[in-house]
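So the structure is just underneath, and the comments pick up after that.
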Amino acid sequence: MARIAIVGVGTIGGVTAALLQQAGGHELLLCTRRPMSGLAVETPDGLVKLRASFTTNPTETFNVDWVIVATKAYDVAGTAKWLEQLCSNGAPVAVLQNGVEHRERFAPYVPMEKILPVMVDCPAERQVPDRVRQRGVMHLKVPDSALGRDFVKQFTGTPADATTVPDFLSVVWRKLCFNSAGVLSALVLQPAGVVRGEAMGDVALQIIRECAAVARAEGANLEENVADVVLAAQRAAPADSVNSMLADRQAGRSVEIDARNGVIVRLGRRHGIATPANSMAVALMEAMVAKV
Ligand SMILES: NC(=O)c1ccc[n+]([C@@H]2O[C@H](COP(=O)([O-])OP(=O)(O)OC[C@H]3O[C@@H](n4cnc5c(N)ncnc54)[C@H](OP(=O)(O)O)[C@@H]3O)[C@@H](O)[C@H]2O)c1
């Protein structure tokens, strides 16, 4: 059993904390930006009330075995303030964020070999700051390494689908194919059903095809018709579902545009792959957010 710090206790951090508590025996330290004294997570198996220590002080001394980062990709600078102390004894850092640049984001703050990128997938939302609703299984996929295997071990006995995968690169890029098209919904401030229309569906396909082309240039192995598969899945999803970029926009927060679409443009440029649909999405979103 381990002492585990979670930095960022929103939706994903909250669900992760509830799962780790269900494992039994872990000591949990929840590192938050705003003061919190409790957290309840409605899981598919019932309500979990967290028994954990809470702190808002990044300079306080704690000795931990693992640090789990569950902040948004745009909050790296604030997150890094926690890592100096929490990682001072060499604790590894699992990054539960969207995108494909988990290591790159934290490399300025943590030795590369101590960073574990995690692909997280979980239908969940934060209702109020101290209550999270988890609507389905949390999937956690990590590279098949010593660090990956140790991370997975912490979830033994929990309902999480935590596993190592032999081809992590393909797993995160496949997820990015799904996330990249989510920008359309966030741009027009309409839930997922907006891609059911023909014109929006065509633009979604262009965004995903660009993502897949860059993914393959990076070495990911994706099926030939991945864009059609992703669009079909998005069209089959409940029409009123709200992705996290749309939720961020609606709440007036920053958006993960660089982690989800900017990266496709940047890496596309490096490989000489044109990404006009993603470029336009990034430009429009940046202009929209700047206007707010
Ligand atoms: N939501 C999902 O279902 C889902 C699914 C798959 C992947 N993801 C990815 O998982 C990552 C986390 O997303 P999320 O939905 O959990 O985000 P979220 O609900 O917004 O939670 C992020 C948390 O980080 C906290 N935070 C920000 N800066 C901090 C700092 N300096 N110190 C301490 N805490 C800080 C925020 O604090 P405040 O409470 O003060 O805002 C918030 O509680 C993202 O990359 C997202 O794309 C999410």
Seminar exercise, completed: For the stretch 175-191, in residue order, the Karplus 3J(HN,Hα) values (coefficients 6.51, -1.76, 1.60; θ = phi - 60°; whole Hz; Gly and Pro = x) are 4, 5, 4, 5, 5, 4, 6, x, 4, 4, 4, 5, 5, 9, 6, 9, x
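Quote the relative contact order of the chain in percent (integer), defining contacts as alpha-carbon pairs under 8 Å separated by 6+ residues. Provide the component values of the computation, followed by the final result.
Numbers: 544 pairs, mean separation 43.1, N = 292.
Value for the chain: 15 percent.
With charges set only on the Cβ (+1 for Lys and Arg, -1 for Asp and Glu), what does the dipole of the stretch 198-292 come to about its Cα centre, in debye to the nearest 20? Show your work: numbers first, answer last.
Numbers: 10 positive and 12 negative charges, 74 e Å.
About 360 debye.
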Exercise. Who wins for biggest fluctuation among G13, G182, G252 in a Gaussian network model of the chain, springs between alpha carbons below 10 Å?
Worked result: G252
For this session: Find how many whole Å separate the alpha carbon centroid of the stretch 276-291 from the alpha carbon centroid of the stretch 6-81.
Result: 32
Problem set entry | Projected label distance in nm at H139 and E286, using a 7 Å step from Cα toward the beta-carbon | 3.2
Seminar exercise, completed: Counting only residues 5 or more apart in sequence or on a different chain, those whose built amide H sits under 5 Å from that of R3 are E27, D65, W66
For this session: Hey, can you grab everything whose amide H is under 5 Å from the amide H of F155? Only 5+ residues off in sequence or another chain; H modelled, so Pro and N-termini drop out.
Result: none
Seminar exercise, completed: In order over the stretch 233-239: 3J(HN,Hα) from phi, Karplus 6.51/-1.76/1.60, θ = phi - 60°, whole Hz, x for each Gly or Pro, gives 5, 5, 6, 7, 5, x, 4
For this session: Show me 166-177, 239-250, 217-228 ranked by packing, highest mean number of other Cβ atoms within 10 Å first.
Result: 166-177, 239-250, 217-228
Problem set entry | Rounded Å value of the spacing that divides the Cα centres of the stretch 207-263 and the stretch 130-182 | 17
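Report the extension gain between D228 and I273 in nm, rounded to one decimal, defined as 0.36 nm multiplied by the number of residues separating them, less their alpha carbon distance. The partial results should precede the final answer.
Values: separation 45, 0.36 × 45 = 16.20 nm, distance 2.00 nm.
Extending this stretch completely gives an extra 14.2 nm.
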Exercise. Could you give me the ³J(HN,Hα) list for the stretch 135-152, computed from phi with Karplus coefficients 6.51, -1.76, 1.60 and θ = phi - 60°, whole Hz, x at Gly and Pro?
Worked result: 9, x, 5, 8, 9, 10, 10, 9, x, 7, 9, 4, 5, x, 5, 5, 4, 4
Problem set entry | Cut-off 12 Å, label 7 Å out along Cα→Cβ of A217, residues of the stretch 252-289 by amide N | 264-276
Exercise. About the Cα centre of the chain, what is the dipole size in debye to 20, counting +1 per Lys and Arg Cβ and -1 per Asp and Glu Cβ, all else neutral?
Worked result: 480
Problem set entry | Built amide H within the under 5 Å cut-off of L116, gap 5+ | V93, A94, V95
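For A236 and T55 in the same chain, what is the full-extension length gain: residue separation times 0.36 nm, less their Cα-Cα distance, in nm?
Numbers: separation 181, 0.36 × 181 = 65.16 nm, distance 4.13 nm.
Result for the pair: 61.0 nm of gain on full extension.
If you take the beta carbon distance between R196 and T156 as r and set R0 to 35 Å, what does 1/(1 + (r/R0)^6) give as a FRET efficiency, to the nearest 0.05? Mind showing how you got there, number by number?
Values: r = 41 Å, r/R0 = 1.16.
Efficiency at R0 = 35 Å is approximately 0.30.
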Exercise. Of F62, T158, L205, which is farthest along the charge dipole of the chain in the positive direction, counting Lys and Arg as +1 and Asp and Glu as -1 at C-beta?
Worked result: F62
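Taking every DSSP beta bridge with both residues inside the stretch 85-207, roughly what % is antiparallel (nearest 5)?
On the way: 7 of 16 bridges.
Percent antiparallel among DSSP bridges in the stretch 85-207 is about 45.
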Problem set entry | Positive dipole terminus of the chain, leading residue within L30, W173, A227 (C-beta point charges) | L30
Problem set entry | Fraction of antiparallel bridges per DSSP, the chain only, in percent to nearest 5 | 30
Exercise. On full extension of the chain, what length is gained from Q250 through V188, given 0.36 nm per residue of separation minus the C-alpha to C-alpha distance?
Worked result: 21.2 nm
Seminar exercise, completed: XL table K114/K141; K72/K141; K72/K153; K72/K175; Cα-Cα > 23 Å flagged, in table order, is K72/K153
For this session: Determine the dipole magnitude for the stretch 3-164: charges of +1 sit on the beta-carbon of Lys and Arg, -1 on that of Asp and Glu, nothing else is charged, the reference point is the Cα centre, and the result goes in debye to the nearest 20.
Result: 300
Seminar exercise, completed: In deg cm²/dmol, rounded to the nearest 500, the helical mean residue ellipticity at 222 nm of the chain, built from -39500 (n - 2.57) for every DSSP H run of length 4 or more, is -13000 deg cm²/dmol
Exercise. Please state the relative contact order of the stretch 168-291 as a whole percent: Cα pairs under 8 Å, 6+ residues apart?
Worked result: 33
For this session: Using a Gaussian network model of the chain whose springs link C-alpha atoms within less than 10 Å, name the residue from I115, I208, I273 with the highest mean-square fluctuation.
Result: I273
Exercise. Shape call for the stretch 189-262 from the C-alpha gyration tensor, a ≥ b ≥ c root eigenvalues: rounded (a/c under 1.5), prolate (a/b greater than b/c) or oblate?
Worked result: oblate
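Antiparallel as a % of all DSSP beta bridges within the stretch 3-164, to the nearest 5? Working shown, then result.
On the way: 11 of 37 bridges.
Close to 30 percent.
Values quoted throughout were computed directly from the atomic coordinates according to the rules given, and no laboratory measurement underlies them. Fair warning: this is a prediction, and the values are worked out from it, not measured in the lab. Backbone-built Cβ (ideal geometry, glycine too); neighbour counts: all protein chains shown.
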